[in-house]
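The values are calculated or read from the model by the stated rules, or taken from the named source; none is laboratory data. Quick caveat, the model's predicted, so the values are computed rather than measured. Cβ atoms come from the backbone with ideal geometry, glycine included; neighbour counts cover every protein chain shown. When the accessible area is computed, the model is the full protein with side chains, heavy atoms only, and any ligands, DNA or RNA have been set aside. Shrake-Rupley method; radii C 1.70, N 1.55, O 1.52, S 1.80 Å.
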Amino acid sequence: DPNRELVEINVRDSCFYPDQPGRDYITVRGFQMAHAATQWAAPTAEQIGLIGTNWSKGWIIENNVVSDSKCACISLGKDRKTGHNVWTNDPRKDGATHYNEVIVRALEAGWSRERIGSHIVRNNVISNCEQAGIVGSLGAAFSRIANNHIYNIWTKRQFTGAEIAGIKLHAAIDVVIANNRIHNAGRGLWMDWMAQGTRITGNLLYDNSTDDLFVEVDHGPFLVDNNLLLSGLSLLDMSEGGAYAHNLFTGRILSRPEPRRSTPYHKAHSTAIAGLDSISGGDDRFYNNIFVGNGAAPATAASDANPLRYGGFGLWVYNQREYPLFTGGNLYWKGAAGYYRERGALHSPAVDPKPEIVEEGDRVYLRLNLGADTEKAAARRVDTELLGKAKVSGLAYENADGSPLVIDTDYFGEKRKTTVAAGPFENPGQGSVKLKVW
């Protein structure tokens, strides 16, 4: 009853958004912003968020409370000039063809490290929007997204289709996504097209109804390390050339190739396109991870009807992929199963760590029941030399500045010992432990 209740009609499409592209080096700090009537931010359209950078460089968005956007809360995405709703306006060609054309136009318009991206988005609380907490098509390249709390995304189910996630990026080239807490977000992280040089590290993901991490048609190299992936589906892998190290997977993994679309890979640390290829699947690296099953044998957990799709607990889902995996030091609990060519993995099917997330005010704890298995696994230090080069792009796994990479700290930032332990925690203790993870 509008005579009794507060009725609010939002008509402004943003709260803070430049009037034109190229408004560089702006800091947005310490605001509470809400209630914008943002439009759907498709990757082939101008992406307007409640806060948006509009195809600029060098913004800092920090210490804000951002909520109640109709679609996207924070946009680091593309402009209108390089294409706006091109698929809707011209349905003769499929979306992948349109997006490849958008990428060419963006390069012609100056999409590069020198002109676009390199933003910092940190320490924000982002909630209650129906598309994405943070979205970025092309314009988020070379950015750092860290220490954000993102939750209650897509809870009303007002929209369907792509672009729905806590963080949804196209072309996360040399982007670092670190130490974020993402929950009740439908999909937690979605790295779609051109995740190259991307590092996803130290994130806490749980209670996401779709999956924690979706990597779609990326050729690598990209790195996923020291994360807690605790939802029912931990990883949806429709890519190749990924490196996964020291993660805790308590949900299923779904592996599938994508032969229908050809997507770009780039020259090292650059937006310049080196080539296009489809996704055959495999060529991933899995080192020093912990996989927790559901107590069932792998064969009974597989039940995907499509023979190109394999879902279950552990790395056995990659057994049919065209390219082999590179593995070592992985630990399998409660019936999770390893890759068929894996050597030195530690299987403890009787061990049930009973992972449980406990929220106490602003703090989050992870309860686990642990033995000495994490130190018994044949784990070794993960670095650029061990990871080698991604097959399709031919590039090494290294830092964004081209320096060698080494994973020598754990989820908490503690230094790892010379003899490293499997999983995200270097010294978690034994027995029933309660770890403060946020």
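I'd like the residue in segment 276-303 that is out of contact with any helix residue (DSSP H, G or I) (no Cβ under 6 Å at 6 or more places or on another chain), outside any loop (DSSP other than H, G, I, E, B) and at pLDDT below 90 and, out of all such residues, is surrounded by the most Cβ atoms within 10 Å (Cβ to Cβ). By that ranking, first place goes to Ala301. Among the residues of segment 198-213, those identified as open to solvent by 10 Å² or more (accessible area, probe 1.4 Å) and touching a strand residue (DSSP E or B) at 6+ places or on another chain (Cβ under 6 Å) are Arg199, Thr201, Asp207, Thr210.
Taking segment 132-164 as the range and being part of a strand (DSSP E or B), free of Cβ contacts under 8 Å to residues at least 60 places away in the same chain and open to solvent by less than 10 Å² (accessible area, probe 1.4 Å) as the test, the residues that pass are Ile145, Ala146, Ile150, Ile153.
Within segment 403-411, does at least one residue satisfy the condition of being assigned to a loop (DSSP other than H, G, I, E, B), open to solvent by 50 Å² or more (accessible area, probe 1.4 Å) and farther than 17 Å from Val224 by Cα? No, segment 403-411 contains no residue that is assigned to a loop (DSSP other than H, G, I, E, B), open to solvent by 50 Å² or more (accessible area, probe 1.4 Å) and farther than 17 Å from Val224 by Cα. For segment 238-249, does any single residue satisfy the condition of being open to solvent by 10 Å² or more (accessible area, probe 1.4 Å) and either over 17 Å from Val392 (Cβ atoms) or touching a Cys at 6+ places or on another chain (Cβ under 8 Å) (or both)? Looking for residues that are open to solvent by 10 Å² or more (accessible area, probe 1.4 Å) and either over 17 Å from Val392 (Cβ atoms) or touching a Cys at 6+ places or on another chain (Cβ under 8 Å) (or both), one finds none in segment 238-249, hence no. Restricted to segment 304-397, the set of strands (runs of 3 or more DSSP E) holding at least 1 residues that are among the hydroxyl-bearing types (Ser, Thr, Tyr) comprises 310-312, 326-328, 331-333, 346-348, 363-370.
So, of the residues in segment 85-95 that are outside any loop (DSSP other than H, G, I, E, B) and not β-branched (Val, Ile, Thr), which turns out to be farthest from Gln39 (Cα to Cα)? Result: Gly95. The set of residues from segment 165-178 being within 15 Å of Gly133 (Cβ to Cβ) and either of a type outside the set (A, V, I, L, M) or surrounded by fewer than 24 Cβ atoms within 10 Å (Cβ to Cβ) (or both) comprises Gly166, Lys168.
Identify, please: which residue in segment 253-275 is open to solvent by less than 20 Å² (accessible area, probe 1.4 Å) and in a loop (DSSP other than H, G, I, E, B) and is, among those, modelled with the lowest pLDDT? Restricting to residues being open to solvent by less than 20 Å² (accessible area, probe 1.4 Å) and in a loop (DSSP other than H, G, I, E, B), the top hit is Pro257.
A count restricted to segment 224-237 and to residues that are open to solvent by less than 10 Å² (accessible area, probe 1.4 Å) and either among the β-branched types (Val, Ile, Thr) or part of a strand (DSSP E or B) (or both) stands at 7.
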